[in-house]
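Structure first, then comments.
The values are calculated or read from the model by the stated rules, or taken from the named source; none is laboratory data. Everything numeric here is computed off the predicted structure, so don't read it as measured data. So basically every Cβ, Gly included, is an ideal-geometry build from the backbone, and we count neighbours across all protein chains shown.
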Amino acid sequence: MCYNRSMFKKLFRNIYLPVFLIALTLIVFVDVFSIVMIEKTLGNAFGSVGRKRVSRALDSCELYINSVSVSTYNLSVNDTLIAELSAPSDRSLTSLLDNTCNYSLKMNGVCAYSAGGKIYTSSGVSQVPSLAELRQNGPIADFIEGNGESLTSFRTEYVADIYSNVAYPDDMGVVTCCRKVYGEGGEVVGYIFADVLPSNLYDLLFEREAPDDAVAFITFGEKYFDYGGNTAHGKLLTGGHRGYFKYEASADDGLFSLVIFESTKPYHRQLAILIGSLLAVSAVLVVAVHFAAMGTAKNVTKRLDRLTAKMNAQELPAPTPSDMVTPPPAAEDQKERSQ
């Protein structure tokens, strides 16, 4: 009996290929599914952290501004201030205003105006705009002429030099907590303008953590405060922000918003690490499946080889001449011999 070994090679392929291809398909499917889930989960994680970060930063800014507003209220009911604004004289209020700045540790400068326009300032404040100039700002004009007791102004015009007499560009902007001062009869006798440099608020944005290449904007209306070179990235606000995640939060009163752009580099770096690790494990699995499929195919064909060899060993050998038996003589031959 003769067996063709090529038949077992074909059987080897018929066993190896289906096992390997099925396992490979499963690995690829799991990899694709895992990559999609990793990308989505990681993106959601980064987004959640970013939204919480900008929300905390907004809360810190609002708390800062509210603290200044409270300090202006406390100052507005000071008897010395009320008396001076009610009847302006040559008396200086610098010491009183300095004490307010030092007590709150949040004001960069304070200006007080009498209803007639006389100006009083804390130390280090110069080039103070007049009350008439401040009226050129719409919200401040509405505040002075209206019934409101307080106002928070975000502006980039009519800004006093409040940084220790160093020239301060108006376009750098200022946040001002404005408060009316009332006399004994309930009439308005003056105004308080407590100025805060936007840099104080920007410093709050990343006081605990500073993401790589983050760019922040404090926006109000169509404008924003310049800080840390963010002007060079101003197009992020109006155009696309490719390469950045955008997180935004607005104050409850809509007065201002925080917009933070964080680089996607950390996200892509971590995504690459996770996907690279997944693909490395998959490569190991592919190699393992390759050897497992080969082992399975070899195991089957080896058994067939042994069975074939056993069957060949059990075949009867071909007869030799010495093994042939001579037939007995015919009956006629025997009769002739007897005669």
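Taking the conditions exactly as written (polar (S, T, N, Q) and more than 13 Å from the chain's Cα centre (by Cα)), does Thr238 satisfy them or not?
Against the criterion (polar (S, T, N, Q) and more than 13 Å from the chain's Cα centre (by Cα)), Thr238 qualifies.
Before we move on, is Leu42 surrounded by 15 or more Cβ atoms within 10 Å (Cβ to Cβ), over 30 Å from Asn299 (Cα atoms) and over 45 Å from the mean Cα position of the chain (by Cα)?
no
Could we say that Leu278 is under 24 Å from Met37 (Cβ atoms), within 50 Å of the chain's Cα centre (by Cα), at pLDDT 90 or above and surrounded by 13 or more Cβ atoms within 10 Å (Cβ to Cβ) here?
Values: under 24 Å from Met37 (Cβ atoms): yes; within 50 Å of the chain's Cα centre (by Cα): yes; at pLDDT 90 or above: yes; surrounded by 13 or more Cβ atoms within 10 Å (Cβ to Cβ): yes.
For Leu278, the condition - under 24 Å from Met37 (Cβ atoms), within 50 Å of the chain's Cα centre (by Cα), at pLDDT 90 or above and surrounded by 13 or more Cβ atoms within 10 Å (Cβ to Cβ) - is met.
When you go through (1) hydrophobic (A, V, I, L, M, F, W, C); (2) out of contact with any Lys or Arg (no Cβ under 6 Å at 6 or more places or on another chain); (3) farther than 30 Å from Ser114 by Cα one by one for Phe261, which number turns out not to apply?
Single failed check for Phe261: (2).
With the requirement that a residue be in a helix (DSSP H, G or I) and either farther than 19 Å from Ser48 by Cβ or touching a strand residue (DSSP E or B) at 6+ places or on another chain (Cβ under 8 Å) (or both), what does segment 248-268 give you? Full working, then the answer.
If we filter segment 248-268 for residues that are in a helix (DSSP H, G or I), which is where we start, we get 265-268.
Matches in segment 248-268: Tyr267 only.
Kindly indicate the residue of segment 78-96 that is among the hydrophobic types (A, V, I, L, M, F, W, C), closer than 14 Å to Ser114 by Cα and free of Cβ contacts under 8 Å to residues at least 60 places away in the same chain and also surrounded by the most Cβ atoms within 10 Å (Cβ to Cβ) among those meeting that condition.
Restricting to residues being among the hydrophobic types (A, V, I, L, M, F, W, C), closer than 14 Å to Ser114 by Cα and free of Cβ contacts under 8 Å to residues at least 60 places away in the same chain, the top hit is Leu93.
Any idea how many residues of segment 212-222 are under 15 Å from Ser257 (Cβ atoms) and crowded, with 16+ Cβ neighbours inside 10 Å?
Going residue by residue through segment 212-222, those that are under 15 Å from Ser257 (Cβ atoms) are 215-222.
From what's left, crowded, with 16+ Cβ neighbours inside 10 Å: 215-220.
Of the residues in that region, 6 qualify.
Confirm whether Asn200 is closer than 22 Å to Ser153 by Cα, without any contact (Cβ under 8 Å) to a residue 24 or more places away in the chain and surrounded by 15 or more Cβ atoms within 10 Å (Cβ to Cβ).
No, not satisfied.
Looking at segment 126-163, which of the residues that are touching an Asp or Glu at 6+ places or on another chain (Cβ under 7 Å) and of a type in the set (Gly, Ala, Ser) is nearest to Tyr191 (Cα to Cα)?
Ranking the qualifying residues of segment 126-163, first place goes to Ala160.
Which is under 29 Å from Ser199 (Cα atoms) and either among the acidic types (Asp, Glu) or loosely packed, with under 14 Cβ neighbours inside 10 Å (or both), of Lys106, Lys52?
The conditions single out Lys52.
Going residue by residue through segment 164-171, is there one that turns out to be out of contact with any Ser or Thr (no Cβ under 8 Å at 6 or more places or on another chain), surrounded by fewer than 18 Cβ atoms within 10 Å (Cβ to Cβ), under 25 Å from Gly221 (Cα atoms) and not charged (D, E, K, R)?
The answer is yes; a qualifying residue exists.
Here's a check for you: in segment 130-163, which residue that is among the aliphatic types (A, V, I, L, M) and crowded, with 17+ Cβ neighbours inside 10 Å is farthest from the chain's Cα centre (by Cα)?
Here is the first cut: in segment 130-163, the residues among the aliphatic types (A, V, I, L, M) are 131-132, 134, 140-141, 144, 151, 159-160, 162.
Cutting the leftovers down to crowded, with 17+ Cβ neighbours inside 10 Å gives us 131, 134, 140, 144, 151, 159-160, 162.
Details: Leu131: 44, Leu134: 40, Ile140: 37, Ile144: 43, Leu151: 34, Val159: 35, Ala160: 37, Ile162: 36 Å.
So the residue we want is Leu131.
Of the conditions (1) of a type in the set (Val, Ile, Thr); (2) modelled with pLDDT of 90 or more; (3) surrounded by fewer than 16 Cβ atoms within 10 Å (Cβ to Cβ), Thr121 clears all except one; give me its number.
The one condition Thr121 does not meet is (3).
Between a residue in segment 283-304 that is within 14 Å of Leu26 (Cα to Cα) and any residue that is assigned to a helix (DSSP H, G or I) and of a type in the set (Phe, Trp, Tyr), which pairs come within a Cβ distance under 9 Å, given they are 6 or more apart or on different chains?
Partner pairs satisfying both residue conditions: Val286/Phe20; Val289/Phe20; His290/Tyr16; His290/Phe20.
Within segment 110-126, which residues are more than 12 Å from Ser92 (Cα to Cα) and β-branched (Val, Ile, Thr)?
Listed by number, the residues that qualify are Val110, Val125.
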